[in-house]
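The values are calculated or read from the model by the stated rules, or taken from the named source; none is laboratory data. Treat the numbers as computed from the prediction; the structure is a model and nothing was measured. Reconstructed Cβ throughout: ideal geometry from the backbone, glycine too, with neighbour counts over all protein chains shown. Please note that ligands, DNA and RNA were not included when accessible areas were found on the heavy atoms of the full protein model with its side chains. Shrake-Rupley method; radii C 1.70, N 1.55, O 1.52, S 1.80 Å.
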Amino acid sequence: MQDSLYVALSSQIALEKRLNTIADNVANASTVGFRGTGVKFEDVVSGTGQKAVSFASPGDSFLSTAHGSMTETGNPFDFAIQGDAWFGLETPAGTVMTRDGRFSMDENGQLLSIEGHPVLDAGGAPIQLDPRGGPPRAGADGMLLQGDQPVGAIGLFGFEPGPNFVRYGNSGILADREPEPIADRIDVGISQGFLEQSNVNPVLEMTRLIQVQRAFENVAALMRQTESTTDDAIKTLGSK
């Protein structure tokens, strides 16, 4: 009987983690560049043979690789990535990868993210523009020009977040290793005047939320039934 309680408890822990990720996805359904979180669960078997008991693992988080829809803004400081790549940002916590291309230029000509972090070029250095040169023009490869002069290039990086990755800010992922610059790939590029929206489908996430809540309630009912059976057994044995 105790095994069934432990199995049910492991299931509740797993469901709670999934519930939290779904809630976070729904909350960021309109966040630019956001990629939803999923959780992968596996069975954890204790014992062997007839004494084997299967528990639910706490689960490993993973990032959805689906692309969000593109929205045209016409803003020369808005950028969207075409293909599998990331922008790099310099932050107090280290290098952060993001798909949020809402940038701006400060009075010193530095290209900054919406949260005020320097945007990196392919070499990992902050991008410096001419503060008097006006908004830059960007090529598909990320090369930036002011007038007819090249003044820098937005870095595009290959990056695959590992399990249980750490988020940073609105849409950022803290890099746990040195990101690799991408160059000379025809399937990766930049579109100026566009933004990538969140890849979260709120209707689908709400459906998943209902399913998880029902599963949680079923497990809770099973635990109550097991506890009641245990109490009855103790009373029966105690009266003899």
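Residues in the stretch 118-163 that are touching an Asp or Glu at 6+ places or on another chain (Cβ under 9 Å), small (Gly, Ala, Ser), surrounded by fewer than 19 Cβ atoms within 10 Å (Cβ to Cβ) and part of a loop (DSSP other than H, G, I, E, B): Gly124, Ala125, Gly147, Gly162. Residues that are under 15 Å from Ile114 (Cβ atoms), open to solvent by less than 10 Å² (accessible area, probe 1.4 Å) and not small (Gly, Ala, Ser) within the stretch 72-88 comprise Phe79, Phe87, listed in sequence order. Being open to solvent by less than 60 Å² (accessible area, probe 1.4 Å) and within 14 Å of Gly172 (Cα to Cα) is a property that does not hold for Met105.
Tell me which residues, restricted to the stretch 192-207, are in a helix (DSSP H, G or I), in contact (Cβ under 8 Å) with a residue 12 or more places away in the chain and surrounded by fewer than 18 Cβ atoms within 10 Å (Cβ to Cβ).
Within the stretch 192-207, the first condition is being in a helix (DSSP H, G or I), and the residues that meet it are 202-207.
Imposing the further condition that a residue be in contact (Cβ under 8 Å) with a residue 12 or more places away in the chain reduces the set to 202, 205-206.
Of everything in the stretch 192-207, those that are in a helix (DSSP H, G or I), in contact (Cβ under 8 Å) with a residue 12 or more places away in the chain and surrounded by fewer than 18 Cβ atoms within 10 Å (Cβ to Cβ) turn out to be Pro202, Met206.
Taking the stated definitions as given, is Pro181 open to solvent by less than 40 Å² (accessible area, probe 1.4 Å) and out of contact with any Cys (no Cβ under 6 Å at 6 or more places or on another chain)?
Details: open to solvent by less than 40 Å² (accessible area, probe 1.4 Å): no; out of contact with any Cys (no Cβ under 6 Å at 6 or more places or on another chain): yes.
Judged against the criteria, Pro181 is not a match.
All conditions in (1) out of contact with any Leu (no Cβ under 7 Å at 6 or more places or on another chain); (2) outside any loop (DSSP other than H, G, I, E, B); (3) open to solvent by 30 Å² or more (accessible area, probe 1.4 Å) hold for Met97, with the sole exception of (3).
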